[in-house]
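Contents: one structure, followed by commentary.
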Amino acid sequence: MAPEYGSQGHISVKTDIYSYGILLMEVFTRKKPTDNMFHEEITLKSWVCMSLHKDVSEVADIKLFVPSEEQFISAKKDGILSILKLALNCCEEHAEQRPNIGDVVNSLKTIKTKYLRSIEATRPSRITPRRS
């Protein structure tokens with residue numbers, strides 16, 4: 001819950017941005033803010049923030065790293081790291097520091113484009129047989 005909603009009952013578009021940031025964290029970590037591992041001192045947000053200084057694969061849902069797609073691990077890690085950083089940006093304590101939805105959408109598009117280019121660059125080139 002956005003801090004301004006919990007403390008003052010204020011609802012705004014920026015409250016929705018905060019919630020969207022939490023949702024992104026839930027999707028990519030497969031954890032909920034109500035999981036037993038979280039308590040007053042450690043929240044989903046603080047756990048993600050602390051874990052990003054290490055290896056993103058320690059915080060990301062393990063099912064996102066399929067062994068058969070091992071050649072794409074680096075691209076996936078970069079993409080997930082970018083998304084989790086965006087999620088933390090959406091969850092800034094002060095509403096005025098959170099991005100607007102247009103900026104969030106543009107960031108997601110940029111992350112997607114970078115990810116797809118990275119995947120394409122790591123794929124073995126396909127050689128098309130010549131027809132005689």
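The values are calculated or read from the model by the stated rules, or taken from the named source; none is laboratory data. As the structure is a prediction and not an experimental result, all values here were calculated from the model. Note: ideal-geometry Cβ built from the backbone for every residue, glycine included; neighbour counts use all protein chains shown. Note: accessible area is taken over every heavy atom of the protein model, side chains too, but ligands, DNA and RNA are not part of it. Shrake-Rupley method; radii C 1.70, N 1.55, O 1.52, S 1.80 Å.
In the range 59-71, the residue that is nearest to the chain's Cα centre (by Cα) out of those that are modelled with pLDDT of 90 or more and in a helix (DSSP H, G or I) is Leu64. The residue that is surrounded by the fewest Cβ atoms within 10 Å (Cβ to Cβ), among those in the range 13-72 that are among the basic types (Lys, Arg) and in contact (Cβ under 8 Å) with a residue 40 or more places away in the chain, is Lys45. For the range 64-107, the set of residues classified as of a type in the set (Gly, Ala, Ser) and farther than 18 Å from Glu26 by Cα consists of Ser68, Ser74, Ala75, Ala95, Gly102, Ser107, listed by residue number.
Listed here are the residues, each with its yes/no results for (1) at pLDDT below 95; (2) within 18 Å of the chain's Cα centre (by Cα); (3) of a type in the set (S, T, N, Q); (4) farther than 20 Å from Glu70 by Cβ.
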residue: Leu88; (1), (2), (3), (4): no, yes, no, yes
residue: His94; (1), (2), (3), (4): yes, no, no, yes
residue: Val105; (1), (2), (3), (4): no, yes, no, yes
residue: Leu108; (1), (2), (3), (4): no, yes, no, yes
residue: Thr113; (1), (2), (3), (4): no, yes, yes, yes
residue: Ser118; (1), (2), (3), (4): yes, yes, yes, no
residue: Ala121; (1), (2), (3), (4): yes, no, no, no
residue: Ser125; (1), (2), (3), (4): yes, no, yes, no
residue: Thr128; (1), (2), (3), (4): yes, no, yes, yes
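Scanning the range 74-120 for residues that are under 15 Å from Ser12 (Cβ atoms), in a helix (DSSP H, G or I) and either touching a Ser or Thr at 6+ places or on another chain (Cβ under 7 Å) or open to solvent by 50 Å² or more (accessible area, probe 1.4 Å) (or both) returns Ala95, Glu96, Gln97, Ile101.
The single residue among Lys14, Lys32 that is basic (Lys, Arg), part of a loop (DSSP other than H, G, I, E, B), modelled with pLDDT under 95 and under 19 Å from the mean Cα position of the chain (by Cα) turns out to be Lys32. Annotation: Ile62 fulfils all but one of (1) within 23 Å of Thr122 (Cα to Cα); (2) touching an Asp or Glu at 6+ places or on another chain (Cβ under 9 Å); the unmet one is (2).
Does Gly102 satisfy the criteria of being in contact (Cβ under 8 Å) with a residue 12 or more places away in the chain and either out of contact with any Asp or Glu (no Cβ under 6 Å at 6 or more places or on another chain) or not aliphatic (A, V, I, L, M) (or both)? No; evaluated as a whole, the condition is false for this residue.
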